[in-house]
Every structure is written in structure tokens, then in C-alpha cells.
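Report on the structure given below.
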Amino acid sequence: MPHLGVSSSPVAVVGFPLGREKDLDSRFRGNQGLLAVVGWVVPNRVTLFMFNYVDLLINHQLINQGFLATTAILGLLWLQPAQAEIMERIDTTGVLKVGIRQNVLPLGQRQEGQWTGYCADIADALAKHLSRDRASPIQVLFITSTTQSRYSLVANGTVDMECGPNTINPETEAVYGVRFSAPFFITATQILSRPHSQGAVGVIPSPPLLGVIKDTTNEADINQVYPRGQINNAFPDYERGINAVLGGQISGFASDGILLVETARRLNLELNRDYVLTTLRNDFGNAFCASYGMILPGGADDSRWRNMVNFFLSTHREAKNIWRRWFSRVDASIEEVSSLCR
């Protein structure tokens, strides 16, 4: 397959539809070396146009064939896209590149070099699905992503998709040139605090000092409710934020409820004994709900790949089994919030 990302079918190789070779006159037949190269580089319709243009130039002796061989090929190379269509490239290389966040169970976690969680399982299942007509299976290459790098990894082609706690947001799509998949989970921004910090009506005492991870939708949500002077966005991950709450450095730590519960479980903390959750609400009493989606490339040429991922997530039996395996055991309070947001 040509590395320029164009078709390698017999049609593209010779530049004309099969069965049309008789349309080439003797002048073209004398330049088959050039035509074969140009036809290999460009799609059929572009090549047909170029051949007619070449015939005109040579016939009227406006350029010599040596100059044509150099300029035509370089010019046509410039016209071609730099990357192959994603599904074509995955099939050629045998590798599916997936960005995945670590230490964000139930979505992703890396221990002793092994990935686990919903994202790891869904990536493996998708690779297996893509391998169904291949002699050798597609391999998954996991690349660690962060809150800050997740969009650029997809936009610049480092990964084919990124899986993590990514809130679907049309503004984000426009800014970074990416697209989100169909939603696979619904949650909301909640605040984890110590039990004695919470009043009888479930309101965090004022004025609190609340922690949050920078550049997240949680930060945007909490900025709508609390003054900036009461917000500390210096926390790099959930575990450090929760430990800061337990140590009394901050009043509460805001994030998606499911991520708070799973991180607390990993720290051997028990809900209502060691911590409580308060759902953040706006002035109208509504929760700040969030739907998770995979981050996918946003180009027009990437629609086939996006459709494949969405179809797999929505309809494939194994995708549904993986969802149940990782999300069916969520805490009752998380399920309550999820139901509120549906």
C-alpha cells in the first residue's frame, strides 16, 4: 500500500479504469514509465485529467519530458493528503493506537506494566472486531494521555482515539478539531468532603477552599458557583486531591462522582464513614451533568472511523458486556446522580 494514503488498486496504479487501455494513443504508450509512477501516486480521476494535460503540453512542445517527469510527480505529491485514512492505516500496520488515562478507575489504570479498566477492555475488544477478516490480529498500542495532552494526541494523529473521562462538549470539538463519540456514561460534578464538614442539609460550610484539577469541566462548573479565591486548581490527580481533604488542607475536592468513588475505594475509604459526596448545583438547583465520550479525529476523511467506533460502542455485544462489567457496580449515590442526569 502506498505510504501517501491513496488507493493501491489496479485502477490507481495505471491511472485509467481497467479496460480503457485502448484509449491511450501512441504518444502516451511511449511514456508508460512516467504514467505508471504518476498513476500510482494519484487517484484515477485526477490522473485522467493530468494525462490529457500532459498530452497537450508534449504535443505542442511546450515542455520536455524530462522536466515533466520531475515537476508532475512533485506537484502531484503535494496535492495528496499526508496520512492514510485511519481504518486503512490500521489494517496496513496491524496496530490500533489508543490514548488512555492512568489512575482513573473504572476507566483506566496501569499496574506493573499492565492496563486494566473499561478503556483497556474496550480497546482490546475493538481491535479483535477489526481483526475478524485478517490472518493476524490487530495489536493495541496504549499511549498514556493526560488531561492536558488528550486532545492534541488525537488531533495530531499520535493516537487513533483517546478513552477517558472526557466530557462531550461541542465547543471543545471546535477548538481542538476533534469529535466525540456517542456517550458511554453519564455522571455529574460532585464534591468529596469529610463527614463532619457537611451540614445537616448537605451544604459545604462557607467559605470553603475547594480543590479541582485544572482545565477540566469540573473546574468550569465550580467556577460558576464559588469565587476564584476559594478554588485551588493545583492538584494533578484525584488521589492527591482526596488526601488533601483527609489531611485538612482543603474543605473539599471536586470531580466527577464516579471518579471520586473509585479513587476513594482504591484508598480503602468508605462512603459516609470516611467521606461524603455533595452534588454541585447551579442557581436553578440543577446538577452539572456530564456525558463521557471517546475523543476521535475530527477531519472529514475520518468519518468512516468515527462511524465504526460509534457502531461498535452502541451495538456490539462484547462492548455491552464490558460496560456492565465496569459500571454495573457503581455506588448507589453515583447511580442516583446518573439517573438525575439522564
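The values are calculated or read from the model by the stated rules, or taken from the named source; none is laboratory data. Remember, it's a predicted structure, so these values are computed and weren't measured experimentally. Note that we place each Cβ from the backbone using ideal geometry, even for glycine, and neighbour counts take in every protein chain shown. Each accessible area value is taken on the protein alone, full model and side chains, heavy atoms only, with ligands, DNA and RNA left out. Shrake-Rupley method; radii C 1.70, N 1.55, O 1.52, S 1.80 Å.
Counting only protein heavy atoms and a 1.4 Å probe, tell me what percentage of the range 186-290's accessible area is made up of carbon and sulfur.
47 percent
Can you give me the convex hull volume of the Cα atoms of the range 186-290, divided per residue and expressed in Å³?
Cα convex hull per residue, to the nearest whole number: 95 Å³.
For ALA135 paired with THR93, estimate the spin-label separation in nm (one decimal), with each label point 7 Å from Cα along the Cα-to-Cβ line.
A separation of 2.2 nm, rounded to one decimal place.
For ARG101, which sequence-distant residues (separation of 5 or more, or a different chain) have an amide H within less than 5 Å of its own amide H, given hydrogens modelled in the peptide plane?
SER145, CYS163
Which FRET efficiency value, to the nearest 0.05, do you get for GLN249 and TRP323 by plugging their Cβ-Cβ distance into 1/(1 + (r/R0)^6) with R0 = 45 Å?
0.80
For the range 186-290, with every protein chain kept in place, what is the accessible area per residue (1.4 Å probe, Å²)?
With the other protein chains kept in place, the range 186-290 gives 46 Å² per residue.
Of the beta bridges DSSP finds with both residues in the range 186-290, what % are antiparallel, to the nearest 5?
70 percent
Peptides 248-261, 276-289, 94-107: what's the order by average Cβ count within 10 Å, highest mean first?
Going from most to least packed, we get 248-261, 94-107, 276-289.
Among 156-165, 298-307, how do they line up from the highest to the lowest mean number of other beta-carbon atoms within 10 Å?
156-165, 298-307
What's the FRET efficiency of LYS128 with ALA182 using the Cβ-Cβ distance as r and R₀ = 25 Å, to the nearest 0.05?
Step by step, r from the Cβ atoms, then E = 0.80.
Using +1 at the C-beta of Lys and Arg and -1 at the C-beta of Asp and Glu, which of ASN243, ILE213, LEU280 has the Cα lying farthest in the positive direction of the dipole of the range 186-290?
So the residue furthest toward the plus end is ASN243.
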